[in-house]
Amino acid sequence: MEMQKNKKGAEKIISVYWFAILFIVAAAVVYMVSSFYVKQYDVREIEVGLLSDKAADCVSYAGYLREGTLAPGFQESFLDRCNINFGNEQEQYFLELKFYDFGQTSGSLFEASAGNINLRNFCELEGERNPVCLERELYTLDKDGKQYLIKITSIIGKA
């Protein structure tokens, strides 16, 4: 009879350990899931790169300037021509294109910009809440072989 008492006591001890292990595993799963979903993702760097790529594809293709890019009226309608839509968040974006003669970066031939120009003031500052800025340059030719330098500045201010 004593054997059975020990057997029951051993079962009670094992069940306590079993519940402790289940509790530890459940707590670990809850901790990992909460730490994964609580962190916010910052996709502004990807978004600013895509905005810059979209603008570059709009004005140049395969190293050549697209037709009508240097035409009058491009500055006012380049967002529509490039199929870029800032939507209701116009104050959260800035996009600027500057066209230069190749070899002369002192004065631009013309500029086209849209969005909130005030975001440019925060580009040099560092921090999570400051806008993400990207400046790119590309070289292109027109149909006559004239060379151009295009500077693209893209800024995303959403935080």
For this session: Give me a count of the residues in region 80-97 that are farther than 21 Å from Cys123 by Cβ and modelled with pLDDT of 85 or more.
Result: 5
Seminar exercise, completed: So, first residue within 26 Å of Gly127 (Cα to Cα) in region 39-60, second residue part of a helix (DSSP H, G or I) and basic (Lys, Arg), Cβ within less than 6 Å, six or more apart or across chains; the pairs are none
Exercise. Hey, among Leu109, Leu138, which residue is open to solvent by 20 Å² or more (accessible area, probe 1.4 Å) and at pLDDT below 90?
Worked result: Leu109
Seminar exercise, completed: Picked from region 119-135 (must be open to solvent by 60 Å² or more (accessible area, probe 1.4 Å) and in contact (Cβ under 8 Å) with a residue 24 or more places away in the chain), the residue farthest from Leu79 (Cα to Cα) is Glu128
Exercise. Looking at Leu65, Leu50, which is the one that is under 24 Å from the mean Cα position of the chain (by Cα), surrounded by 12 or more Cβ atoms within 10 Å (Cβ to Cβ) and among the aliphatic types (A, V, I, L, M)?
Worked result: Leu50
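The values are calculated or read from the model by the stated rules, or taken from the named source; none is laboratory data. All of these numbers come straight from a predicted model, not from anything done at the bench. Every residue, glycine as well, gets a Cβ built from its backbone with ideal geometry; the counts of neighbours run over all protein chains shown. Accessible surface areas use protein heavy atoms only, side chains included; no ligands, DNA or RNA. Shrake-Rupley method; radii C 1.70, N 1.55, O 1.52, S 1.80 Å.
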